[in-house]
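> Okay, here's the structure, questions in a sec.
The values are calculated or read from the model by the stated rules, or taken from the named source; none is laboratory data. Remember, it's a predicted structure, so these values are computed and weren't measured experimentally. Cβ placement follows ideal geometry from the backbone for every residue including glycine, while neighbour counts extend to all protein chains displayed. Remember, those area values only see protein heavy atoms, side chains included, never the ligands or the DNA or RNA. Shrake-Rupley method; radii C 1.70, N 1.55, O 1.52, S 1.80 Å.
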Amino acid sequence: MEPNGPIPIAFCEHLQLSAVGVQPASISFQTLTLESDHFICIREKQGEQNQVVIVDLADANNVMRRPITADSAIMHPSQKIIALKAQRQLQVFNIETKTKVKSHLTTDDVVFWKWISDTAIGLVTETSVFHWSVTDTTSAPQKVFDRHASLVGAQIINYRITPDEKWMLHIVEIDHTAPNPPFAKKAVDVFFPKEAANDFPVSMQVSKKHGVIFLVTKYGFIHLYDLETGANIYMNRISGETIFVTAEHDATHGIIGVNKKGQVLSVSVDENTIVPYILSTLNNTELAFKMASRANLPGADDMYIQQYQHLFTSGQFGEAAKIAANSPRGILRTPQTIEQFKQVPVQPGTLSPILQYFGILLEKGELNKYESLELARPVLAQGRKQLLEKWLKENKLDCSEELGDIVRMHDMTLALSVYLRANAPNKVVACFAELGQYDKILLYSKKVGYQPDYAGLLQHIMRVSPEKGAEFATQLANDESGPLVDIERVVDIFMSQNMIQPATAFLLDALKENKPEQAHLQTRLLEMNLIHA
């Protein structure tokens, strides 16, 4: 704990490489690679033999060693696939299947390479950058662009980071979409303390969930910056040794790295403390507000509620709707909020506050169950079911049995779509029956493991369509797993509709195997035909 309260990061030491048999001399940027938080790959010499050592971070005690002749080795981000480089010869192997995936002989020296996705490797030569796909066995690396002339002779330490003499952090919007305001490019000076005046950044990772940049320096400092504003959130030293390689730590949306002593360390946002820290230590209310909403974090709930109430009572319903829609963990997305907006009188020529609210929610993402019900009622009442169809296709609605019941009064096919998504088999089967899609009832019921009241269904179908009912009865009686309905009950249903001929045809088919236990049904068949002859 710091004097001002809790710190905004969580720090963890996962492993000490020397403890699993890795030689200290092999722990360097030249011999160790970390493509993801799954594997660490080290080249080292055991006696006269060159080996690759693969440490699975999920099973660190089970270290793999393989003999190699390569001068560089990089593990696939998530699979047991390794890429090896021996001078200009590139090869990719699947370790589990013990097969070669691909190989290529380059015309230029590769000075840096890295897995850029699950299916491609980025290759950097002295003059150009290439992408090499591993989804096929033959294609050559494709040139993407030429390296800038100013980088001649510079050491490339990451494909995503270009060394820059100013050591400034640039935040630029890549793909602007209306109606959001354009994002202004920002350049933020990186602060270094007096004791580390000669320090400089060596790696950077971005937490997409939190909107936070993690920046690691040569002297072992971690810096946290807000991605949107460039504001410095936190800085502290986490390692006495240089952390020379890093990757994204997926489990915590943080950063994982290895230092020169062989410590495998990770740093992430402490989700319970970062918002209170920004409020109390940085005194940055706006940033705390945005961070809580962006990553659904605790710590600013009271602020959101107060802000919402203030805006609502002062008649700023559009702004209040935005606050409620973006509240962390949906704390204001409640039935009470909807009722409040519904009570507001609509001013002539303006969009009602409740529709403004729903509009913001739909733009943000998926509606919850109560929101979906409350939106569906007025939309269907206005005869605009096409909007509901659109939102269903976009997965904007929480499909529940209750929503299906509301839709069913207006459109049976659309209701069926809702019931299917809501996993309400009794209602799905009822819809199939109402729509006359009897052939789908058996297929669906078996697929989801549902046992409908087949006799009741048959009775309903028989009243609506005797011909379809007879077909359905035969399907039920001849199911490959055995009859799904009592044969005698089916005959009773036929007879209740005075369907003598279909009943006879059904019984003749059902009794074709002439089983001894069906003797009473044989007698009934005879009686039926004698009485109604």
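> May I ask you to say which residue of 293, 266 is open to solvent by less than 50 Å² (accessible area, probe 1.4 Å), under 22 Å from the mean Cα position of the chain (by Cα) and among the polar types (S, T, N, Q)?
Matching residue, one of 293, 266: 293.
Residue-wise test of (1) open to solvent by 70 Å² or more (accessible area, probe 1.4 Å); (2) part of a strand (DSSP E or B); (3) of a type outside the set (Val, Ile, Thr); (4) in contact with a helix residue (DSSP H, G or I) (Cβ under 8 Å, 6 or more places away or on another chain).
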site	(1), (2), (3), (4)
112	no, yes, yes, no
118	yes, no, yes, no
122	no, yes, yes, no
135	yes, no, no, no
138	yes, no, no, no
150	yes, no, yes, no
156	no, no, no, no
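For (1) in a helix (DSSP H, G or I); (2) open to solvent by 60 Å² or more (accessible area, probe 1.4 Å); (3) within 17 Å of residue 439 (Cβ to Cβ), each residue gets a yes or a no:
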site: 456; (1), (2), (3): yes, no, no
site: 461; (1), (2), (3): yes, no, yes
site: 471; (1), (2), (3): yes, yes, yes
site: 483; (1), (2), (3): no, yes, no
site: 489; (1), (2), (3): yes, yes, no
site: 494; (1), (2), (3): yes, no, no
site: 507; (1), (2), (3): yes, no, no
site: 512; (1), (2), (3): no, yes, no
site: 530; (1), (2), (3): yes, yes, no
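> Please verify whether region 219-235 includes one or more residues that are open to solvent by 10 Å² or more (accessible area, probe 1.4 Å), at negative phi and in contact with a Ser or Thr (Cβ under 6 Å, 6 or more places away or on another chain).
Within region 219-235, none of the residues are open to solvent by 10 Å² or more (accessible area, probe 1.4 Å), at negative phi and in contact with a Ser or Thr (Cβ under 6 Å, 6 or more places away or on another chain).
> Which one is nearest to the chain's Cα centre (by Cα) among residues in region 188-203 that are aliphatic (A, V, I, L, M) and open to solvent by less than 60 Å² (accessible area, probe 1.4 Å)?
202
> So is residue 386 at pLDDT below 95 and out of contact with any His (no Cβ under 6 Å at 6 or more places or on another chain) or not?
The answer is no for residue 386.
> Evaluate region 24-45: report whether one residue or more is touching a residue at least 60 places away in the same chain (Cβ under 8 Å), farther than 27 Å from residue 253 by Cα and surrounded by fewer than 19 Cβ atoms within 10 Å (Cβ to Cβ).
yes
> With open to solvent by 20 Å² or more (accessible area, probe 1.4 Å), assigned to a loop (DSSP other than H, G, I, E, B) and either touching a Cys at 6+ places or on another chain (Cβ under 6 Å) or closer than 29 Å to residue 272 by Cα (or both) as the only criterion, which of 315, 299 stands out?
Of 315, 299, the one residue that is open to solvent by 20 Å² or more (accessible area, probe 1.4 Å), assigned to a loop (DSSP other than H, G, I, E, B) and either touching a Cys at 6+ places or on another chain (Cβ under 6 Å) or closer than 29 Å to residue 272 by Cα (or both) is 299.
> Looking at residue 185 and the list (1) at pLDDT 70 or above; (2) out of contact with any Lys or Arg (no Cβ under 8 Å at 6 or more places or on another chain), which single condition is not satisfied?
(1)
> Could I ask something else about it? Could you check region 359-378 and list, in sequence order, the residues that are open to solvent by 10 Å² or more (accessible area, probe 1.4 Å) and not in a loop (DSSP other than H, G, I, E, B)?
Matches in region 359-378: 359, 360, 362, 363, 364, 369, 370, 373, 374, 377, 378.
Every residue, every condition in (1) over 19 Å from residue 243 (Cα atoms); (2) of a type outside the set (Ser, Thr, Tyr); (3) modelled with pLDDT of 95 or more, yes or no:
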{"residue": "9", "(1), (2), (3)": "no, yes, yes"}
{"residue": "16", "(1), (2), (3)": "no, yes, yes"}
{"residue": "58", "(1), (2), (3)": "yes, yes, no"}
{"residue": "68", "(1), (2), (3)": "yes, yes, no"}
{"residue": "72", "(1), (2), (3)": "yes, no, no"}
{"residue": "98", "(1), (2), (3)": "yes, yes, no"}
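> Moving on. Looking at (1) buried (at least 16 other Cβ atoms within 10 Å of the Cβ); (2) of a type outside the set (S, T, N, Q); (3) within 30 Å of residue 9 (Cα to Cα), which is the one condition that is false for residue 329?
Going through the list (1) buried (at least 16 other Cβ atoms within 10 Å of the Cβ); (2) of a type outside the set (S, T, N, Q); (3) within 30 Å of residue 9 (Cα to Cα), residue 329 breaks only (1).
> Let me ask something else about it. Tally the residues that are of a type in the set (A, V, I, L, M) and under 22 Å from residue 29 (Cβ atoms), restricting the search to region 93-123. First the steps, then the outcome.
Our first condition is that a residue be of a type in the set (A, V, I, L, M); within region 93-123, this holds for 95, 101, 105, 110-111, 116, 120-121, 123.
Next cut, under 22 Å from residue 29 (Cβ atoms) only: 110-111, 116, 121, 123.
Total satisfying the criteria: 5.
> Pick from 452, 502: which is surrounded by 15 or more Cβ atoms within 10 Å (Cβ to Cβ) and part of a loop (DSSP other than H, G, I, E, B)?
When all the criteria are applied, what remains is 452.
> Here's something else I'd like to know. For a quick check of your reading of the model, give me the residue pairs whose first member lies in region 382-403 and is in a helix (DSSP H, G or I) and open to solvent by less than 30 Å² (accessible area, probe 1.4 Å), whose second is of a type in the set (Lys, Arg) and modelled with pLDDT of 95 or more, with beta-carbon atoms closer than 8 Å and at least 6 apart or on different chains.
Correct list of pairs: 392/421; 403/369.
> While we're here: Hey, among the residues in region 65-93 that are buried (at least 16 other Cβ atoms within 10 Å of the Cβ) and over 19 Å from residue 131 (Cβ atoms), which one's nearest to the chain's Cα centre (by Cα)?
Across region 65-93, the extreme among qualifying residues is 80.
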